[in-house]
Structures are given as C-alpha cells and as structure tokens.
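Notes follow the structure.
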Amino acid sequence: MGGGGARALRSLNYTTFANPALWSDQELTRLNIGGRYRRVNAQDAGGQTSRLSSGRLQSVQFSFPFYAGKLGVGVGFRPYSRTEYRVLAQPQTVPGDSALYQIDYRGEGGLRQISGGLGYRFGDVLSLGVRGDVIFGILESQRRTTFSNRARFAPTVLSTRTRLAGFTGTAGGLLSLSDVFRSEDALSIGATFTLPARLSGERARTIGATLDRDTLALGSGAPATGDEENRAEEGGLTIPLSAALGLSYKPSDRWTLIADGLYEPWSNADSDFESAPLPGIDALRDRLRFSVGAELLPAGNNRNATFFSRTAYRLGAYYEQTYVDAQTVFDDAPEGTGINALAATGGVSLPTPLYGTRIDVGVEVGTRGTTDADLIRDVFYGLSLNVNLGERWFQRRKLR
C-alpha cells in the first residue's frame with residue numbers, strides 16, 4: 001500500500017520488517033518469500049531513449065511467536081541497495097589526432113541485509129521491539145575506453161571493486177488505541193529509529209587492456225603481471241541514521257488506511273576511500289519519503305465469504321526526494337534541481353484454502369528525475385509477488 005514501510009500496520013495476515021515492535025502481534029509462524037520485476041524507460045532532453053529490465057528476489061522473512069500476541073521473533077534477508085547501470089558516451093576525437101574514442105560505463109552489485117530481533121507487547125497499548133542488521137556486499141564499476149584506430153591506441157579498462165560490511169540496529173515502538181473516533185475502530189502509531197552504520201572494507205582497482213581480473217592480486221594488494229596494474233586500499237563508508245513515523249487507521253474490519261514518512265540525512269554520509277571517491281558524496285542532500293495507501297477487504301473477518309469478498313484490494317501512492325542533488329553533481333544544472341520520484345501503487349491479496357496463507361500481487365508505475373539541464377527522466381513499471389505462509393507451530397496438544 002503506497003510502497004511504504006507500513007510501520008504501524010497491525011495484521012494477522014502478514015508480518016512486516018519495517019517495525020520490530022509489530023512482531024509482538026504474531027499468532028502464527030510465518031514464512032514470506034517475495035520477488036520483484038521492474039522495467040525502466042529512460043529519456044534525455046533530446047528525446048533519445050533506453051530501456052532496462054531486471055528481476056530479483058525481494059526478501060525472505062521468517063517469524064514466529066514465543067508467546068502468541070505477546071512476544072514474537074523475526075529473522076530475514078533482503079537487498080539493502082542495488083547497482084545496475086550501463087552508459088555509453090558519444091564518440092569523441094582524441095586530442096591532436098583524428099582517431100575517435102568511446103567510453104563505456106558499467107556498474108553492478110549491491111548490498112544485502114540480514115536482520116534478526118524481537119518485539120514485546122506491554123499491555124493493550126504499547127509494544128516495543130529491537131532489531132539487529134548486518135549489511136554486506138560488493139559494488140563493482142567499470143570504465144572501458146575503446147579507439148577507432150586500434151593500431152595506434154590500445155583499449156583501456158579501469159575496474160573498481162569495493163567490498164563492504166558493517167552492523168547497525170533499529171528500535172521500534174507502537175501505540176495501539178481503540179474506539180478513538182467511533183465504536184470499534186482502531187488507530188495505531190508506529191515509529192522506528194535506525195542507528196548510523198559504519199561499513200568497513202577494501203577497494204581494489206585494476207587498470208589494464210582486458211576485462212580479466214586477478215582476484216588473488218586484488219585481495220592481497222600484490223602487483224599484477226603483464227600490462228595490468230592492481231591497487232588495493234582499506235577504507236569505509238558511513239551510512240546515516242534513519243527515522244520514520246507511520247499511522248494506521250481501521251474505521252471497521254473492512255477498511256485500512258495508512259500513512260508513512262521517512263527521513264535520512266544523507267548530507268552526513270562520508271567515505272574515506274582515498275582513490276576513486278564516490279562523486280558528490282560530500283554534497284548529498286537529505287532523503288525524504290512520504291506514502292499513503294488504503295486497503296479494502298469486503299468480507300472483513302468473515303472467513304466463510306466468497307473468494308472475491310475475501311480478496312483484499314489495495315491502492316496507494318508515494319513521493320520521494322532522493323539523496324541525489326543534481327546541482328551539486330552537474331555545474332550547469334539549475335539550483336534546486338533534484339532527482340525526485342512520484343509513483344502510484346496497487347495490488348490484491350489473494351486468499352488460499354490454507355488458513356493464514358495469502359498470495360500478494362502488486363503493481364507500480366511512476367516517474368523519477370527530469371530532462372532539465374540535460375538530465376535523464378525515468379518512467380518505471382514494477383510487478384511484485386509475495387507468498388505469505390502461516391501455520392500454528394509450537395502448540396501443546398490438549399488431552400480430552
């Protein structure tokens with residue numbers, strides 16, 4: 001719903017990792033597996049377009065109640081960030097020569113996150129939770145330069161490989177109120193705070209005439225042989241804190257309304273890698289994200305209703321001010337030119353014959369960026385599929 005974190009959404013049908021305090025509500029042992037497909041159409045100010053399609057595993061989450069409705073535990077694996085791009089620059093003339101050269105930029109890799117924690121409910125109103133997160137991964141970038149006159153100029157490849165790992169923690173809280181505006185309604189207020197993370201690691205650079213990498217040399221910093229040169233250095237990257245607030249309101253058992261807000265001060269991000277620093281990392285702006293959504297479950301709590309009445313229908317939207325400020329990266333961009341995103345979301349949650357198990361299908365369409373100042377505007381489409389399995393485990397059998 002709205003592509004948000006649903007930090008205040010209480011539900012027995014699924015478990016969210018956005019707020020560990022919500023794990024206290026668990027009645028069933030749950031396994032969630034999700035995947036995502038996205039297609040991006042990019043266009044510049046001149047009307048030139050390019051397309052990129054990709055699919056990936058979105059998350060694997062496992063949670064169970066230690067004490068149903070009181071104490072719950074959750075663990076999970078999901079991507080934290082992803083790098084995937086290819087930019088082919090226009091051919092240019094070699095200074096002082098008639099030969100042409102062209103640069104091909106590529107990037108791939110990303111960071112992953114393994115999480116684990118618990119949530120505890122204090123009475124009917126307050127729930128608290130904590131979660132630990134291990135973040136790790138590899139980021140790779142490559143710049144390949146080719147020449148039209150290969151007899152005089154050899155192709156050159158600059159490859160950079162950065163391996164990072166670190167730890168952070170998240171604390172969450174949830175207030176649950178009932179009969180607020182009308183009889184039998186429910187209002188939930190959730191908040192989370194994630195500590196800044198220090199990711200330490202090693203960056204290795206290879207300069208040569210081929211795409212081959214000597215992984216032993218990269219890992220040890222040993223000199224390369226032939227026409228290649230390898231360099232390795234240790235360093236780190238600081239990821240800023242994250243603060244979020246969410247609201248969820250259920251006027252009845254048929255309707256659910258949510259709103260979420262997120263703040264991350266990326267202007268405080270820092271990297272101490274000496275060679276090939278990230279462009280503009282000292283001038284990033286803060287990230288803001290706002291999302292709203294609604295869900296309609298026609299059958300409410302009636303488990304004997306028809307299939308379509310037990311299907312949940314969702315609609316939402318979100319706006320994001322990304323941490324990329326184009327004016328700080330491109331000198332000719334107008335002041336205040338930022339890379340922002342606006343999108344609409346929708347989907348259905350399908351019931352199954354198995355109690356506690358549902359299949360969620362979501363769609364997303366939106367736009368990101370602008371063609372002003374020779375920048376690029378993306379139009380993206382997304383499709384997601386999540387399978388939520390729920391069963392009662394760890395129950396004592398009762399003698400009759």
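Tabulated data for the structure shown
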item: Separation of the N304 and W393 label points, Cα + 7 Å toward Cβ, nm; result: 3.2 nm
item: Among 40-46, 154-160, the order from most to least packed when residues are scored by Cβ within 10 Å on average; result: 154-160, 40-46
item: Relative contact order %, the stretch 88-190, counting alpha carbon pairs below 8 Å whose residues are six or more apart; result: 24 percent
item: Filtered trypsin sites (Lys or Arg not before Pro), the stretch 9-49: DSSP coil and at most 16 other beta carbons within 10 Å; result: none
item: Trypsin sites (Lys or Arg not before Pro) within the stretch 106-154: DSSP coil, no more than 15 neighbouring Cβ in 10 Å; result: R150, R152
item: Value at 222 nm in deg cm²/dmol, rounded to 500, when DSSP H runs of n ≥ 4 in the chain each add -39,500 (n - 2.57); result: -500 deg cm²/dmol
item: Two-decimal log10 I(q)/I(0) for the stretch 81-157, as the Debye equation yields it once each C-alpha is a single scatterer, q = 0.17, 0.27 Å⁻¹; result: -0.79, -1.15
item: FRET efficiency, S252 to K70 (Cβ-Cβ, R0 35 Å, nearest 0.05); result: 0.85
item: Separation of the S271 and D185 label points, Cα + 7 Å toward Cβ, nm; result: 4.8 nm
item: R86/A165 FRET efficiency (R0 25 Å; Cβ-Cβ; nearest 0.05); result: 0.40
item: Pairwise label distance in nanometres, R152 with Q102, each label 7 Å out on the Cα-Cβ vector; result: 1.9 nm
item: R0 of 45 Å, Cβ-Cβ distance V348-D124: FRET efficiency to nearest 0.05; result: 0.90
item: Descending principal axes extents, the chain, alpha-carbon based, whole Å; result: 89, 46, 38
item: Rounded to 5, percent antiparallel among DSSP beta bridges of the chain; result: 100 percent
item: Alpha-carbon spread of the stretch 1-100, three principal axes, descending order, Å; result: 76, 24, 19
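Throughout, read-outs are computed from the coordinates displayed, never taken from laboratory work. This structure is a prediction, so every number in the text was calculated from the model and none was measured. FYI the Cβ positions are ideal-geometry reconstructions off the backbone, even for glycines, and counts take in every protein chain you see.
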